[in-house]
Amino acid sequence: MSAATHLKVEQITKRFGDVVAVDSASFDVRRGEIHCLLGENGAGKSTLSECLYGFFRPDAGTIHLDGEEVSYASPRDAISRGVGMVHQHFVLVPTFSVIENIVLGTHATGWSLDLADARRRLANICDSYEIDVDFDAEVWQLSVGEQQWVEILKALYLGVELLILDEPTATLTPQESEKLFRIVRRMTANGLSVILITHKLNEVMLSDRVTVLRKGRVVSTLETAGTSRTELTNLMVGRTVMFRLQREKLEHGEKILEARGLKVRDDKGLTALNGISFDLHANEILGIAGVAGNGQKELFEALVGARRVEDGDIRLNDEDITNQTPRSAIDRGIGYIPDDRYGAGLVSDFTVEENMILGLQKKPDFSRHALLDYSRVGRFAENGIADFEIVTPSTRARTSTLSGGNAQKIILARELWSSSCCLLANQPTRGLDVGVIEYVHGLLLRKRKEGFAILLASEELDDIIALSDRIGVMFKGEIMGIFDAGTVTLEQLGLLMAGQRIMDSDRPTTAGSA
């Protein structure tokens, strides 16, 4: 074994019943490198990482750290051997302070918290890596980006030498992502090894080496400098994928959707939208960029009638539809793709065919004398499965048994069939593989060409830039501006997403109302 090898994994296998999640996977991580794990949903990345972190115990295979075989009964064992993991969904106590979250549960806690010593140690770590976090702030007061640093600081406080980062930039602005990678590179220069799990190919290309997984098996491990996005995608998916589909230049048609001065509250009764205004035209995609939690969810729910508008109005084809019901929105030709596919778009325990007509069950296409006509429903579902290439054992399989990508295709099949003029797409590619993302992009562009007015919200700026005619940026319930997609830069979008007003001299061409 090479002296530079920090971690060596040999023939790791992990099964869940009859499902083989990781199948005889082998790879190694060199000390001081960023090693990326790349693969589609269900490829085994997270399961493999959880085996390395002690959350799962492998059914077969071995793990070596610095040449010594190790076996973990729990994550605490892994941490004691210098292995840490920052999960995509943070494990923090919102009402505790930053320093309490970092120290609580560590091996040095004992019966009381020595916060003075912890503060000194953390200050040294922050100075070394230029991390700026208020130790006394409660976690709920922090931005998502700041909470990410709390998780990373906890790992560094524990003295980890191998850090696993699971989708670390999923909720960060471009500037925050750049800062994260700059600091991670400084960590590796100090000898820390990093395993990076990400689906963003621009981030993959910042790593030193990449291990590609497909269906639980390692396909290849490559030096990043010697490969390309195209090669990595082909290895991951098993076919050629178009990264950016051709978006035709189209003249915008008549105004379809109009929002004026929308004021809406969130589930806690706090202001979520504070005077939102915009227009949306036929043959147009208006992209909404922004970090999650800045009012996107409430905006879409208000537009479709699922959340009450306190002030302002919404017009569809010059008809006032403010505070009308979701059924009324459906009847008027609005399609809605929610950000939470299982929480708002599907019923997991329903069959594929039942979810395919969810909300449409009273239409004469699917019912007769107030009863569902299952022969019609079945034929409709079969057509949708064929048209959208949904992988399912049958129309009557439970939706909970499908992959995320196939579940999303059910929503797309339903909403694109029922809508006639306007499509509200909130995070339509969230959590999807690159191949399914390509498919969704193609569908949205096709509907744009057919004359639909499309409102698209995505935390993936690649989606927004690739698809949008105009781009609006949301921050704390307000639209910071709406710009022609060809004139605004990634840097400007990042500043706006962080709430910074850009100077007039740096301002791109403004398009439409803001």
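The values are calculated or read from the model by the stated rules, or taken from the named source; none is laboratory data. Predicted model, so just to flag it, every value in this text is computed and none were measured. For neighbour counting, all protein chains shown are included, and Cβ atoms are generated from backbone atoms with ideal geometry for every residue, glycine included. Heads up: the accessible areas ignore ligands, DNA and RNA and are worked out on the full protein's heavy atoms, side chains in. Shrake-Rupley method; radii C 1.70, N 1.55, O 1.52, S 1.80 Å.
Taking the Cα centre of the stretch 357-502 as origin, sum charge times position over the Cβ atoms of Lys and Arg (+1) and Asp and Glu (-1), and report the length of that vector in debye to the nearest 20.
Taking the Cα centre of the stretch 357-502 as origin, the dipole is about 740 debye.
What are the ³J(HN,Hα) values, in whole Hz, obtained from phi via the Karplus relation 6.51 cos²θ - 1.76 cosθ + 1.60 with θ = phi - 60°, for each residue of the stretch 439-448 in sequence order, with x given for Gly and Pro?
So the Karplus estimates, Gly and Pro as x, are 5, 5, 4, x, 5, 5, 5, 5, 5, 4 Hz.
Which longest uninterrupted range of the chain lacks any trypsin sites (Lys or Arg not before Pro) assigned by DSSP to a loop state (not H, G, I, E or B) and surrounded by at most 10 other Cβ atoms within 10 Å?
269-514
Among the listed pairs 154/215; 249/297; 8/409; 45/476; 409/447; 45/154, give every one whose C-alpha distance is greater than 27 Å.
154/215; 249/297; 8/409; 45/476
Choose one of 91, 377, 287: the residue whose Cα lies farthest towards the positive end of the charge dipole of the chain (beta-carbon charges +1 Lys, Arg; -1 Asp, Glu; about the Cα centre).
It is 377.
If you plug each phi of the stretch 143-159 into the Karplus form 6.51 cos²θ - 1.76 cosθ + 1.60 with θ = phi - 60°, what whole-Hz ³J(HN,Hα) values come out, in order, with x for Gly and Pro?
Per-residue couplings from phi come out as 6, 4, x, 5, 5, 4, 5, 4, 4, 5, 4, 4, 5, 5, 4, 6, x Hz.
Can you list which of the chymotrypsin sites (Phe, Trp or Tyr not before Pro) found in the stretch 7-63 are DSSP loop residues with at most 16 other C-beta atoms within 10 Å?
55
When the helix-only estimate is applied to the chain (DSSP H runs of n ≥ 4, each -39,500 (n - 2.57), divided by the residue count), what is the mean residue ellipticity at 222 nm, nearest 500 deg cm²/dmol?
-9000 deg cm²/dmol
Could you list which residues have their amide H under 5 Å from that of residue 422, counting only those 5 or more apart in sequence or on another chain, with H placed in the peptide plane?
335, 453
Please work out the C-alpha center-to-center distance from the stretch 50-68 to the stretch 287-320 and express it in whole Å.
47 Å
What accessible area per residue, rounded to a whole number of Å², is obtained for the chain using a probe radius of 1.4 Å?
Accessible area per residue: 45 Å².
Apply the Karplus parameterisation 6.51 cos²θ - 1.76 cosθ + 1.60, with θ equal to phi minus 60°, to every residue of the stretch 268-282 and state each ³J(HN,Hα) to the nearest whole Hz, in sequence, with x for glycine and proline.
8, x, 8, 5, 9, 10, 10, x, 6, 9, 6, 10, 9, 10, 4
Quote the charge dipole size of the chain about the Cα centre in Debye, to the nearest 20; the model charges only the Cβ of Lys and Arg (+1) and of Asp and Glu (-1).
The calculation lands at about 960 debye.
Where the accessible area of the chain is counted over protein heavy atoms with a 1.4 Å probe, how much of it, in %, is carbon and sulfur?
48 percent
For Cα pairs less than 8 Å apart in space and 6+ apart in sequence, what is the mean separation divided by the residue count of the chain, i.e. the relative contact order in percent?
It rounds to 15 percent for the chain.
Which longest run of the chain has no exposed loop site in it, a site being GluC sites (Glu not before Pro) in a DSSP loop with at most 14 other beta carbons within 10 Å, and the site itself not part of the run?
After excluding every exposed loop site, the longest remaining stretch is 1-129.
Please identify every one of the chymotrypsin sites (Phe, Trp or Tyr not before Pro) in the stretch 419-486 that sits in a loop by DSSP and has no more than 14 other beta carbons within 10 Å of its own beta carbon.
Filter output for the stretch 419-486: empty list.
Take the alpha carbon atoms of the stretch 196-230, find their center, do the same for the stretch 1-35, and report the distance between the two centers in whole angstrom.
Result: 14 Å between the Cα centres.
Find out how many positive minus negative residues lie around residue 101, taking Lys and Arg as positive, Asp and Glu as negative, among other residues whose Cβ is under 14 Å from that of residue 101.
Charge balance in the 14 Å sphere: -4.
Please work out the C-alpha center-to-center distance from the stretch 368-435 to the stretch 138-172 and express it in whole Å.
When both Cα centres are located, 36 Å separates them.
With the calculation restricted to Cα positions, what are the radius of gyration and Dmax of the stretch 348-460 in angstrom?
Just the Cα atoms of the stretch 348-460 yield Rg and Dmax of 14.3, 45 Å.
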